[in-house]
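The values are calculated or read from the model by the stated rules, or taken from the named source; none is laboratory data. Being a predicted model, the structure only gives us computed values, none of them experimental. Glycine gets a Cβ as well: all are built from the backbone with ideal geometry, and neighbour counts include every protein chain shown. The accessibility values were calculated without ligands, DNA or RNA, using every heavy atom of the protein model including side chains. Shrake-Rupley method; radii C 1.70, N 1.55, O 1.52, S 1.80 Å.
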Amino acid sequence: MSILKKIKTPVSLERVYIGFPNSLVMENLYLKGQDVDTLLAVKKLDVGLHMLKLINSTADITSVDLEGARANVVRKPDGKFNFDYIIDAFATSDKEESPSKPFIISLDKINLKDIGVTFNDQQSKNDIKLYFKSFDTRVKKFDLNKNTYAVNDINLDGLQLKLKQGIVEEVSKKVEKK
């Protein structure tokens, strides 16, 4: 079954290629949302990856390069997110009979360019618009099991952040003047 039939929203991906043995590249990914025109758009995602290690349940990610990404996230008043339908479409109710071998993930370099994210939080009424020209770092520690992460220096350029706190406005309207 195609992804389009599963999630029932338009998806397009211009190109995917593998630079064997250590690179996976996706170009021009577009995912239309149910309530927003663009849920996710990515010009280029290049993941440096030792593919042969995948056989041994290890994802040794040497780099993540992401360029030209836009995401529009909405949290509805009931707490559900506008991308939950995708997770639900691929969720399975099958119970595993035997526990699987844990998947080990390591991560080294992160390079992001031309990134924009909007977050419309209808529950807390905090709306955020974030954009930056570039972000890069090296990961010192990446432990999913212990939920522990650390990075070296972060290089960030062109940061723009707008925060609108609607709950403050709502509360201020209900406060009596004395």
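Some values worked out for this structure:
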read-out: Any pair with Cβ under 6 angstrom, 6 or more apart, that starts in the stretch 70-94 at a residue that is at negative phi and modelled with pLDDT of 90 or more and ends at one that is open to solvent by 60 Å² or more (accessible area, probe 1.4 Å) and not in a strand (DSSP E or B); value: ARG75/GLN123; LYS76/GLN122; PRO77/GLN122; PRO77/GLN123; ASN82/ASP35
read-out: Positions within the stretch 25-39 being in contact with a Phe, Trp or Tyr (Cβ under 8 Å, 6 or more places away or on another chain) and open to solvent by 60 Å² or more (accessible area, probe 1.4 Å), in sequence order; value: GLN34
read-out: Total residues in the stretch 53-69, condition among the β-branched types (Val, Ile, Thr), over 17 Å from the mean Cα position of the chain (by Cα) and either open to solvent by less than 60 Å² (accessible area, probe 1.4 Å) or at pLDDT 90 or above (or both); value: 2
read-out: Per-region count, the stretch 116-164, residues within 20 Å of ARG75 (Cα to Cα) and either within 16 Å of the chain's Cα centre (by Cα) or open to solvent by 90 Å² or more (accessible area, probe 1.4 Å) (or both); value: 13
read-out: Positions within the stretch 36-50 being in contact with a Gly (Cβ under 6 Å, 6 or more places away or on another chain) and of a type in the set (D, E, K, R), in sequence order; value: LYS43
read-out: Qualifying residue in the stretch 40-52 (condition: under 23 Å from VAL151 (Cβ atoms), under 15 Å from the mean Cα position of the chain (by Cα) and basic (Lys, Arg)); value: yes
